[in-house]
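See structure below.
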Amino acid sequence: MSTFHLHRRTRPDGPYVSEDMGVPERKEPREPGPAYVFVPTLGACCILVFYILFGGLFAADRGAAVVTPRADPNALSVATWNVAAINNNPFEYWITHDDKAYNELMADVQAFVSEPGSRDVPVSEVFTDAMWGELEAAMTGAGWAGVPDVAAIWNGDFRNRKIVTEFLKDGTLGKKRLASMPDRVTNTIRTASGSVMRPTVINCFSGGDLGSGDAWWANWKAFFFSKKIDGKPVYELLLPIKRSK
């Protein structure tokens, strides 16, 4: 919920003054023209229509969002929702569905992420040192710079982190997009002949066995380092991420 203070005039022929700063605007006073009335009115109507059309939906699934009246007549309180969906990760968007198995699956995933308990194992128990060795060799074979630096970070930091609380929930990794950006680029690659899916459970991949960690890893390596999209290996689709981000 955000509150925006409206501008007002201290006298009919005077300048508009910001309620929150108390500073006159640097412009000559003018009488409100058609656009002065139409633009805010259009904006208010859009907010109202959005709330009428979608308010019930979000109230049912996410809890009602209330636009509360305020004592200050010069304050406008509004609520917005982020309804974008740029990928097809089934665990990112929890829909309302009558299927009992689906609801149990989503509840179990949420419970695991919220309270992993003893299942919050070190990363190296899922992505093993043997897998890392193969990845290190593949990155070196692809001619990537900085592989020794990555190895030092793996051995000194990431392999020892708890996989949920210290990796999945690490806000710094999220801000730098070290996981989300590569996923966005390679999750579902759209080509002239159709979509190409990275081997993962967070898209519609159906091109091989993902029933075990070893099976997934074999599929992932082949996809990332051997498969070509428009003549280029998939790893060349990745974009550099600035260290300063």
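Within the stretch 208-219, the set of residues being over 20 Å from residue 91 (Cα atoms) and either part of a strand (DSSP E or B) or of a type outside the set (D, E, K, R) (or both) comprises 208, 215, 217, 218, 219. When you scan the stretch 211-225, do you find a residue that is closer than 24 Å to residue 145 by Cβ, surrounded by fewer than 16 Cβ atoms within 10 Å (Cβ to Cβ) and of a type in the set (Ser, Thr, Tyr), even just one? No. Scanning the stretch 153-165 for residues that are in contact with a Phe, Trp or Tyr (Cβ under 9 Å, 6 or more places away or on another chain) and not in a loop (DSSP other than H, G, I, E, B) yields 154, 155, 158, 159, 163, 164. Pairs linking a residue in the stretch 101-114 that is under 18 Å from residue 165 (Cβ atoms) to a residue that is among the aliphatic types (A, V, I, L, M) and part of a helix (DSSP H, G or I), with Cβ atoms under 8 Å and 6 or more positions apart or on different chains, are 112/164; 113/164; 113/168.
Every residue, every condition in (1) within 28 Å of residue 234 (Cα to Cα); (2) at pLDDT below 75; (3) of a type in the set (A, V, I, L, M), yes or no:
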residue	(1), (2), (3)
44	no, yes, yes
52	no, yes, yes
90	yes, no, no
137	yes, no, yes
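For the stretch 92-111, a residue qualifies if it is in a loop (DSSP other than H, G, I, E, B), modelled with pLDDT of 85 or more and of a type outside the set (Val, Ile, Thr), and the qualifying residues are 97, 98, 99.
With respect to (1) more than 21 Å from residue 212 (Cα to Cα); (2) under 24 Å from the mean Cα position of the chain (by Cα); (3) in a loop (DSSP other than H, G, I, E, B), the lone exception for residue 144 is condition (2).
Taking the stretch 118-147 as the region of interest, how many residues are in contact with a Phe, Trp or Tyr (Cβ under 7 Å, 6 or more places away or on another chain) and either of a type in the set (S, T, N, Q) or open to solvent by 40 Å² or more (accessible area, probe 1.4 Å) (or both)?
Step one: of the stretch 118-147, the residues in contact with a Phe, Trp or Tyr (Cβ under 7 Å, 6 or more places away or on another chain) are 119, 123, 131-132, 138, 142.
Among the residues that remain, those that are also either of a type in the set (S, T, N, Q) or open to solvent by 40 Å² or more (accessible area, probe 1.4 Å) (or both) are: 119.
Number of matching residues: 1.
Taking first residues from the stretch 144-168 that are within 30 Å of residue 117 (Cβ to Cβ) and touching a residue at least 12 places away in the same chain (Cβ under 8 Å) and partners that are open to solvent by 80 Å² or more (accessible area, probe 1.4 Å) and assigned to a helix (DSSP H, G or I), the Cβ contacts under 8 Å between residues at least 6 apart in sequence or on separate chains come to 163/125; 164/119.
Hey, any hits in the stretch 181-190 for a residue that's under 19 Å from residue 130 (Cα atoms) and touching a residue at least 40 places away in the same chain (Cβ under 8 Å)? No, there is no match, as no residue in the stretch 181-190 is under 19 Å from residue 130 (Cα atoms) and touching a residue at least 40 places away in the same chain (Cβ under 8 Å). Residues in the stretch 102-117 that are over 16 Å from residue 169 (Cα atoms) and exposed (fewer than 13 other Cβ atoms within 10 Å of the Cβ): 104, 107, 108. Filtering the stretch 175-205 to residues that are under 14 Å from the mean Cα position of the chain (by Cα), not in a helix (DSSP H, G or I) and not β-branched (Val, Ile, Thr) leaves 177, 178, 179, 187.
Only residues that are touching a residue at least 12 places away in the same chain (Cβ under 8 Å), within 24 Å of the chain's Cα centre (by Cα) and part of a helix (DSSP H, G or I): list them for the stretch 224-238, please.
Just the residues of the stretch 224-238 that are touching a residue at least 12 places away in the same chain (Cβ under 8 Å), to begin with: 224-225, 227, 229-230, 233-235, 237-238.
Retained after the next criterion (residues that are within 24 Å of the chain's Cα centre (by Cα)): 224, 234-235, 237-238.
The answer is 224, 234, 235, 237.
The values are calculated or read from the model by the stated rules, or taken from the named source; none is laboratory data. No experiment lies behind these values; they were computed from the predicted model shown. Backbone-built Cβ (ideal geometry, glycine too); neighbour counts: all protein chains shown. Note: areas computed on protein heavy atoms with side chains; ligands, DNA, RNA excluded. Shrake-Rupley method; radii C 1.70, N 1.55, O 1.52, S 1.80 Å.
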